[in-house]
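Peer 1: Okay, here's the structure, questions in a sec.
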Amino acid sequence: MYPTLNLPAYAVKLKNHSQRTQIFDRIRKKFVALTPEEWVRQHVVNYLIEHKNFPASRIAIESSLKYNQLLRRPDIVYYDNDLKPTLIVECKATDVKISQTTFDQIARYNMPLRVNYLLVTNGIKHFCCRMEYEKEEVIFLKELPDFSQL
């Protein structure tokens, strides 16, 4: 019924409400509308917590940030011990091709934040990079490092 992703499966909690399917968001601690993008986002959250050992308490979903007087809402932001953003994740539905437009979007989110890691995914293909600001380089990685390696 829902697409198989190139991410670890987990025990998804679904329910129907007002003839719409909802999925439980463990970060926001509530059921939210199940959209194709939300399907990917919840699997990425599970991957970060259960497989990459990121503390759930420092993950924010669609948190607001302002840049050039515009309000932006990155899909996932991870904050370090000092509450400094370290990772931004942009999730797309499985049928959305990851393109330059997607990278431009996450780059706009990153301008005010200047995080160390960016992850773009549609649940099937994942692109992760480490930002080297002093060298003005973007280094693409095979996968996102484990939390302990950040």
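Peer 1: So how tilted is helix 36-46 from the main axis of the chain? Cα-based, degrees 0 to 90, rounded to 10.
Peer 2: 70 degrees
Peer 1: Another question, then. Given a cut-off of 23 Å, name the pairs among LYS92/LYS142; LYS13/LYS97; LYS13/LYS52 whose C-alpha atoms lie farther apart than that in the structure shown.
Peer 2: LYS13/LYS97
Peer 1: What longest region of the chain stays clear of chymotrypsin sites (Phe, Trp or Tyr not before Pro) that DSSP places outside H, G, I, E and B and that have at most 15 other Cβ atoms within 10 Å?
Peer 2: The segment 11-132 is the longest one with no such site.
Peer 1: Take the alpha-carbon positions of the chain, form their convex hull, and give its projected area averaged over all directions (one quarter of the hull surface) in nm².
Peer 2: 9.8 nm²
Peer 1: On to the next question. So what is the calculated 222 nm ellipticity per residue for the chain, using -39500 (n - 2.57) for each DSSP H run with n of 4 or more, over all residues, to the nearest 500 deg cm²/dmol?
Peer 2: Computed ellipticity for the chain at 222 nm equals -5000 deg cm²/dmol.
Peer 1: Here's another thing I want to ask about it. Output the 0 to 90 degree angle, nearest 10, between the alpha-carbon long axis of helix 100-113 and the longest principal axis computed from the alpha carbons of the chain.
Peer 2: 70 degrees
Peer 1: Give me a comma-separated list of calculated 3J(HN,Hα) values for region 82-97, in order, Karplus coefficients 6.51, -1.76, 1.60 applied at θ = phi - 60°, integers in Hz, x for any Gly or Pro.
Peer 2: Residue by residue, region 82-97 yields 8, 6, 8, x, 10, 9, 10, 10, 10, 10, 10, 5, 4, 8, 8, 6 Hz.
Peer 1: Around LEU113, with a cut-off of 10 angstrom between Cβ atoms, what is the net charge of the other residues, counting Lys and Arg +1 and Asp and Glu -1?
Peer 2: +3
Peer 1: Here is a further query. Amide H of PHE31 versus every other amide H placed in the peptide plane: which residues, excluding those fewer than 5 positions away on the same chain, fall under 5 Å?
Peer 2: ASP25
No value in this document is a laboratory result; all are computed from the given coordinates. Quick caveat: nothing in here was measured; it's all calculated off a predicted structure. Neighbour counts run over all protein chains shown; Cβ positions are idealised from the backbone, glycine included.
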